[in-house]
Amino acid sequence: MAPVDEQLSVLMWGTDFGDASTRQTMERELAELLEQDRPLRVYCGYDPTDVDLHIGHTITFRKLRQFQSFGHDVTFLIGNFTGLVGDPSDKDRTRPMLSPDQLAANSQTYAAQAFRILDPERTTVVHNADWLGKLSFAEVIALSSKFTVAQFLERDNFQLRWQRHEAIHLSEFMYALMQAYDAVEMETDVQIGGTDQLFNLLAGRTLQREAGQRPQVVITTPLLVGTDGTQKMSKSLGNFVAVNDVPNDMYGKVMSVPDSALDEYFTLLTDLNESEVRAVLDAVDAGEMPPMDAKKRLALEVTRSMYPDGEAEAAQSYFESTIQRSETPDEMEQFVLPSDGAEDSGRRLDRVLVAAGVAASGGEVRRLVKQGAVSINGTRTDDFATELQAGDEIKVGRHRFLRVVAAGSA
RNA sequence: GCAGGGGUGGGAGAGUGGUUAAUUCCAGCGGACUGUAAAUCCGCCGCCUAACGGCUACGCAGGUUCGAAUCCUGCCCCCUGCACCA
């Protein structure tokens, strides 16, 4: 295995423990584990609460992969049981509980998205319902006796809700317990998580100690700031870049991030190492590299880390031509016109845009046209009822394109 | 058990009989501008309709009224406090 120093410097980079002493403790314990010169059991859990992960989730994927690259054993845990309760950590109110069906459906897409980053050959996927679902009431009570209510109420999010006289469900207290028990069940050496998970991860140490195990090292990574550059990235805020975004979207969304987030994004979302990141940022600070170029490099690297060779470069070309130079892309979505014999209205602009999913309703098309958003073959149109011809290229807004084609020629 | 508060458009949250398709904010969309899909500014933002106009909508079901998100009745759901815990 690689020297301990080398592993330590990579593994501790891009982490955030909230306070210095926790960091020191964890760094020291991690060093001790690494000294044992054996594959460590590392895991990170994900609750399948939503179908789409965003690139903030890839921060932990990348950390896990760093462990993989050093030869450690990585477990990708799908929280199909914890997801039933809903993690209160990053919320100031109760999360809706999900049905088992929803969880099952979501679970399936999770691993696939994670393997954009992780090496599937060296990743074990487990589901915590396999053991959490089997605990008896008595066992749960035994676990809960290891913690006090005060410890939970001390957490910021609970305290806030308490002060605002908002509901805190008992089940929400159980969340940390369940996650902590995962660590006991798997006898893990290291657990990765976002900084919002620190409490839950540390609870794992408590239970492990009680169970006679060596407490796991916990490594927490920062929560990614969203594309607005200020608030935490989250789907509900709409400031996210999805793991499943196509390369063009991924590249473009990263380009919309403010310059102030360059450091964070480079550090947390690319494969560049510490000195490479420094080099780029220093060049920008010194005025040797325009921020625009640095951000393009960022968008390229982020996209490249998740897509096969060439896709990121293609996305960059698309961005430069379509967005920066406002050119019409070579490839665009196609819409097959109804055949000539059909009802005449099917070829109308408004009908076509609704049928193609570009607009939600006829009223929206009328609005778009009225606002000057729709061009046909490069010319703005003010008639939403125009009959379209095969071969027409329609542009809606700044970056939505549609080519209509005759039936049978798609 | 007792007392109180509340369920409104994707989200938050106004509105207590007509002037309310419903203030405002966020998200979304469009335009202008720009190194950017950023920021900023302006505009739009239920569905159908070429248009006139029509339809649907404020937890559910009824009712009062010329007219209800707004009043009444019943029901469902949510929250908070107190009490209980000897």
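The values are calculated or read from the model by the stated rules, or taken from the named source; none is laboratory data. Quick caveat, the model's predicted, so the values are computed rather than measured. Here the Cβ is made from the backbone with ideal geometry for all residues, glycine too, and neighbour counts use every protein chain on show. Surface areas here come from the heavy atoms of the whole protein model, side chains and all, with no ligands, DNA or RNA. Shrake-Rupley method; radii C 1.70, N 1.55, O 1.52, S 1.80 Å.
Given A:295/A:395; A:253/A:296; A:253/A:295; A:63/A:134, which pairs have Cα atoms separated by over 20 Å?
On the way: A:295/A:395 27 Å; A:253/A:296 11 Å; A:253/A:295 11 Å; A:63/A:134 31 Å.
Too far apart for the 20 Å limit: A:295/A:395; A:63/A:134.
For region A:314-405, DSSP calls about 70 percent of its internal beta bridges antiparallel. Full extension of the chain between residue A:211 and residue A:275 yields a length gain of 18.9 nm, computed as 0.36 nm times the residue separation minus the alpha carbon distance.
Once the Cβ-Cβ distance of residue A:146 and residue A:1 is raised to the sixth power relative to R0 = 30 Å, the FRET efficiency obtained is 0.30.
In this structure, the amide hydrogen of residue A:127, modeled 1.01 Å from its nitrogen in the peptide plane, lies closer than 5 angstrom to those of A:78, counting only residues at least 5 positions away or on a different chain. Karplus-derived 3J(HN,Hα) values for region A:251-264, using 6.51 cos²θ - 1.76 cosθ + 1.60 with θ = phi - 60°, are 4, x, 5, 5, 5, 7, 6, x, 4, 4, 9, 3, 4, 4 Hz; glycine and proline are entered as x. If you plug the beta carbon distance of residue A:69 and residue A:406 into 1/(1 + (r/R0)^6) with R0 = 45 Å, you get a FRET efficiency near 0.30. Beta-bridge orientation, chain A: approximately 35 percent antiparallel, per DSSP, counting only bridges with both partners inside. Scanning residues 5 or more positions from residue A:44 or on other chains, those with amide H under 5 Å from its amide H are A:75, A:77, A:192, with H placed 1.01 Å from N in the peptide plane. Quick one: pull the percent of accessible area on chain A belonging to carbon and sulfur, 1.4 Å probe, ligands and nucleic acids left out. Accessible surface attributable to carbon and sulfur in chain A totals 49 percent.
Taking a Cβ cut-off of under 12 Å around residue A:185, the surrounding Lys, Arg, Asp and Glu residues balance to a net charge of -2, with basic ones at +1 and acidic ones at -1. Placing one equal scatterer on every Cα of region A:212-281 and applying the Debye formula, the log10 ratio I(q)/I(0) at q = 0.27 Å⁻¹ is -1.31. Using the Karplus relation 6.51 cos²θ - 1.76 cosθ + 1.60 with θ = phi - 60°, the per-residue 3J(HN,Hα) values for region A:297-303 come to 4, 4, 4, 5, 5, 4, 5 Hz, with x marking Gly and Pro.
A Förster radius of 25 Å, combined with the Cβ-Cβ distance separating residue A:260 from residue A:324, puts the computed FRET efficiency at roughly 0.70. In loop segments of region A:242-345 as defined by DSSP, the trypsin sites (Lys or Arg not before Pro) with at most 11 further C-beta atoms inside 10 Å of their C-beta are A:325. Here the simple spin-label model places points 7 Å from the Cα toward Cβ, and for residue A:336 and residue A:283 these points are separated by 4.8 nm.
Find how much the distance from residue A:375 to residue A:314 grows on full extension, using 0.36 nm per residue of separation minus their present alpha carbon separation; answer in nm with one decimal.
Once the chain is fully extended between residue A:375 and residue A:314, it gains 19.5 nm.
Modelled label positions at residue A:130 and residue A:35, each set 7 Å beyond Cα in the direction of Cβ, lie 3.3 nm from each other.
Across region A:396-406, rounded Karplus estimates of 3J(HN,Hα) from the backbone phi angles (6.51 cos²θ - 1.76 cosθ + 1.60, θ = phi - 60°) give 10, x, 8, 9, 10, 10, 8, 10, 8, 10, 6 Hz, Gly and Pro being marked x.
Based on the alpha carbons, how large is the Rg to Rh ratio for chain A when Rh follows Kirkwood?
1.05
For region A:161-181 versus region A:269-341, the inter-centroid distance based on Cα atoms is 42 Å. Solvent exposure of region A:281-378 amounts to 54 Å² per residue of accessible area, where only protein heavy atoms count and the probe is 1.4 Å. For residue A:224, the residues whose amide H sits under 5 Å from its own are A:233, ignoring neighbours fewer than 5 places away on the same chain, with H placed 1.01 Å from N.
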